[in-house]
Amino acid sequence: MFSQFTSSPIRTYTYFLSAADRTIFVKVESHNEGAGRQMNQSTHEQATESRIRVTVAVCPSHVHLTQGLIEQLFCDHYRLHERSRLGPTQFAARESVSLIGANGRMIDVRVIGPARKTNQVELSRTDALKLGIDPPIRTPGDIEGTPGILIKGPRTQVALGLGVIRARPHLHMNPHDADRLGIADRDRVDVVNDADARRTLFRDVPVSVSADYRLELHLDEDESTAAGLASGDYVLLRKSSASRGRSSEDLR
């Protein structure tokens, strides 16, 4: 089974899905403008085949905090402690906070490190309803006009004026994988079921390319449940016709 798209006037990328080992094979074909389809003679432009596995990462509700807020919530000059590695630079911290909303509170909400430039709270719809908050669905990093929330740490509690979102599904990848797939930062892709490419799971998923990332599709717990996916599952990507969105610095 395969899908095909053209990412530039001279290249077509064909994705082959192996049902046996749930692997995507990527074949790159070059095209001569005005001369029909033929392979370029250079080694760089010849067709290549490589295995690219696109895994699912299910993300429970969590928070990204600035260094200033970390110090307010924990103590002066405080530094987060790594619990588990999420990428080359990102990690789930040992530290957690409580979120307090109009209808209740959530405890042990994981902090994701390292410290960020802006504060952001990412909730699933289920958790948002428990707290009595109605955050918009946004691409991570897009927090303008979003609601705030009360965050409680060991030292004190702080009211955020904005920053609470429901993160839309988004794809992380490093520059090497982006180059191999012919996908650029801020492109959009459709996510297809790995066993049945006729079944589209998510459309117009924004792509973020950064050396800090590894190749993963990020979903919250509600989205993963609805799609029948779990962390470690594999999905197939198909290029979307949607326009580009925000930069990789915002898609986090």
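What follows draws every value from the coordinates through simple rules; no lab data is involved. What you are looking at is a predicted structure, and each value in this text was computed from that prediction instead of being measured. A quick note on method: Cβ atoms are made from the backbone with ideal geometry, for glycine too, and the neighbour counts reach across all protein chains shown.
For Glu221, what is the net charge nearby, where nearby means another residue's Cβ is under 12 Å from its Cβ and Lys, Arg count +1, Asp, Glu -1?
With Lys, Arg at +1 and Asp, Glu at -1, the net is -3.
Out of the trypsin sites (Lys or Arg not before Pro) in segment 99-178, which ones are loop residues according to DSSP with at most 12 other C-beta atoms within 10 Å?
Details: sites: Arg105, Arg110, Arg116, Lys117, Arg125, Lys130, Arg138, Lys152, Arg155, Arg166; in loops: Arg116, Lys117, Arg155.
Sites meeting the loop and neighbour criteria: Lys117.
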| request: Tell me, rounded to the nearest percent, the portion of alpha carbon pairs in segment 70-135 spaced more than 20 Å apart. | output: 35 percent
| query | Taking the C-alpha atoms of segment 135-198, how large are the radius of gyration and the largest Cα-Cα span, Dmax, in Å? | reply | 17.5, 52
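Quick check: from the Cα gyration tensor, does segment 110-249 come out rounded (a/c under 1.5), prolate or oblate?
On the way: a/c = 2.07, a/b = 1.58, b/c = 1.31.
Prolate.
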